[in-house]
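Each remark here refers to the structure printed beneath this line.
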Amino acid sequence: MRPLLIIQTLAVSLIAFTFLLLPGVHPAHAEDFGGGCTSAIDGKNEAELQAILELCEAEINKQKDLLANSQKTSTTLEQGIKAYTDRIKKAELDIKARAIKIRQLGDTITVKAERIGDLSSRLDRVQSSMGELVRKTREYQDVTPIETFLSDQDLSNFFADLDSFVAIKDDLRKTFLEVHEVKNLTEKEKKDLETKKAQEQSLKFSQEAEKRKSENYRQEQARILAVTRGQETAYIKDIAEKERIKNEIRNRIFRTVGGTEIKFGDALKLIQSHEATIGVASALVLAVLTQESSMNGNIGGNIGRCTYNQAWNNSTGTVMSPTQQTHFLAILSELGLNPDKIPVSCPISKDGEFGGAIGPAQFMPQTWSGFKNRIGNVLGISTPSPFQNLDAFTGTALYLSDAQTRCKTAFSTTVEIWRCSAAKYYAGLTVSGTRLSRHMNPSSSYGYQVAKRAQQFQKDIDTLDL
């Protein structure tokens with residue numbers, strides 16, 4: 001077979017193949033169902049899940065109204081019991097609704113993963129066929145007119161072949177465009193898949209929080225039920241005492257690692273606003289932000305007491321290493337701040353020869369440079385600052401999220417994961433083995449102390465939720 005006929009055959013096959021690139025989607029059949037807002041969602045299709053979700057959301061709205069009414073007059077024993085009954089019911093409905101949304105997202109992720117796999121394999125086949133077509137085209141281009149005249153091919157066939165060659169080149173161009181379109185579609189679906197996964201993780205985190213709240217409400221309800229009739233006065237005093245404790249927690253002033261004073265309640269609001277999105281408990285973030293300045297003065301005494309180019313007895317003669325200085329000066333230039341007036345942490349001999357951590361979250365400048373775009377994406381801003389509480393706290397949560405992901409491969413309990421995550425925040429994400437153990441297991445270690453403090457903060461947060 002002549003080279004041109006081979007090319008034409010390949011071209012026809014390739015063009016026919018591209019029509020099969022994007023198959024149609026067959027609609028799912030919705031079956032009848034019943035049961036109201038139920039947690040029995042296994043085996044349900046998309047239409048059934050959506051209908052159940054709508055029922056759950058309707059019941060949640062109804063429960064909100066009941067809860068609001070009971071809270072208005074929850075000053076007696078019976079009304080207090082009713083208020084917590086309504087809270088428990090709402091929490092249970094929230095859990096059911098989130099379970100349905102998680103299942104829906106999970107099904108969508110599965111479908112998209114299969115679709116991406118299909119598109120990837122189709123794209124590979126198209127590119128392979130295109131490569132063969134290009135190779136054959138080059139073979140034909142290498143045949144000169146003189147060679148054609150000297151061959152047994154007559155002149156009319158030669159010009160006919162030239163016309164066919166032009167058509168093949170046009171088909172090749174169209175094929176390239178179609179492959180490019182498939183590639184863009186694949187990339188878009190991959191991005192959608194990543195977004196869906198992030199949404200699912202956020203919903204799972206929120207669901208776990210609702211479960212914890214539900215248990216707290218049940219415990220409080222059980223305590224109230226233990227109070228006998230005729231003791232309403234004691235119960236009212238108990239409510240007043242709880243409100244006093246809540247206010248005390250909210251107004252507690254703590255000093256962050258950068259020296260900033262902020263109320264517990266205000267810090268909690270900043271962190272909780274993005275807690276579900278990032279997937280790290282506010283209690284752990286708060287514990288990290290406060291722990292460094294309270295470890296027997298070992299770290300707190302050095303925090304924010306140096307400047308970046310201050311003379312120091314180390315290999316370069318300055319507090320901050322040259323690599324960190326480059327990032328530090330870039331950050332300060334972007335923010336319009338004077339680097340000579342910004343305090344940084346002093347070196348701590350047991351942790352290395354250099355200092356230079358900045359802001360209330362004590363980020364090293366190079367680390368901040370690596371996280372600032374992610375921080376900006378979460379907060380919806382273009383230039384986050386390590387010296388602003390919200391920006392810095394969000395950076396801490398994101399760093400802990402990365403640490404938490406790694407720690408979950410080796411540990412299962414919440415306390416162990418918190419210890420490990422705090423240790424990696426302190427010593428670096430890649431720390432492992434005996435060095436990781438040294439920073440998370442002894443009772444005097446950074447990770448152990450952070451986890452211990454986080455547990456207390458979680459109790460405080462649970463009290464504020466009651």
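The values are calculated or read from the model by the stated rules, or taken from the named source; none is laboratory data. Keep in mind that this is a model prediction, so the values were computed, not measured. Neighbour counts run over all protein chains shown; Cβ positions are idealised from the backbone, glycine included.
Per the listing Ser333, Ser315, Ser349, Ser369, the residue uniquely loosely packed, with under 15 Cβ neighbours inside 10 Å and either touching a residue at least 60 places away in the same chain (Cβ under 8 Å) or within 15 Å of Ser385 (Cβ to Cβ) (or both) is Ser333. Criterion applied to Ile249, Ile239 was being at pLDDT 80 or above, in contact with a Gly (Cβ under 9 Å, 6 or more places away or on another chain), in a helix (DSSP H, G or I) and not assigned by TED's automatic domain parsing to the domain that holds Met364, and the one residue passing it is Ile249.
Per-residue answers, yes or no, for (1) touching a strand residue (DSSP E or B) at 6+ places or on another chain (Cβ under 6 Å); (2) aromatic (Phe, Trp, Tyr); (3) at negative phi:
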position	(1), (2), (3)
Ala357	no, no, yes
Gln362	no, no, no
Trp368	no, yes, yes
Asn373	no, no, yes
Asn377	no, no, yes
Thr383	no, no, yes
Ala397	no, no, yes
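Inspect the stretch 408-425 for any residue being part of a helix (DSSP H, G or I), over 24 Å from Gln458 (Cβ atoms) and out of contact with any strand residue (DSSP E or B) (no Cβ under 6 Å at 6 or more places or on another chain) and give the result as yes or no. Looking for residues that are part of a helix (DSSP H, G or I), over 24 Å from Gln458 (Cβ atoms) and out of contact with any strand residue (DSSP E or B) (no Cβ under 6 Å at 6 or more places or on another chain), one finds none in the stretch 408-425, hence no.
Within the stretch 287-313, the residues that satisfy the criterion of being at pLDDT 90 or above and either among the polar types (S, T, N, Q) or within 20 Å of Glu353 (Cβ to Cβ) (or both) are Cys306, Thr307, Tyr308, Asn309, Gln310, Ala311, Trp312, Asn313. Of all residues in the stretch 266-290, those that are surrounded by 21 or more Cβ atoms within 10 Å (Cβ to Cβ), among the small types (Gly, Ala, Ser) and not in a helix (DSSP H, G or I) total 1.
For every residue, the table says whether it meets (1) surrounded by 24 or more Cβ atoms within 10 Å (Cβ to Cβ); (2) of a type outside the set (Phe, Trp, Tyr); (3) in contact with an Asp or Glu (Cβ under 7 Å, 6 or more places away or on another chain).
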{"residue": "Gln362", "(1), (2), (3)": "yes, yes, yes"}
{"residue": "Thr383", "(1), (2), (3)": "no, yes, yes"}
{"residue": "Asn389", "(1), (2), (3)": "no, yes, no"}
{"residue": "Asp402", "(1), (2), (3)": "no, yes, no"}
{"residue": "Cys420", "(1), (2), (3)": "yes, yes, no"}
{"residue": "Val431", "(1), (2), (3)": "no, yes, no"}
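If you check Gly258, Gly279, Gly265 for being under 27 Å from the mean Cα position of the chain (by Cα), modelled with pLDDT under 85 and over 21 Å from Lys452 (Cβ atoms), only one passes: Gly258.
Among the residues of the stretch 354-366, those that are in a loop (DSSP other than H, G, I, E, B), free of Cβ contacts under 8 Å to residues at least 60 places away in the same chain and touching a Pro at 6+ places or on another chain (Cβ under 6 Å) comprise Phe354, Gly355. For Ile342, the test of being in contact with a helix residue (DSSP H, G or I) (Cβ under 7 Å, 6 or more places away or on another chain) and either within 18 Å of Ala427 (Cα to Cα) or surrounded by 22 or more Cβ atoms within 10 Å (Cβ to Cβ) (or both) is failed.
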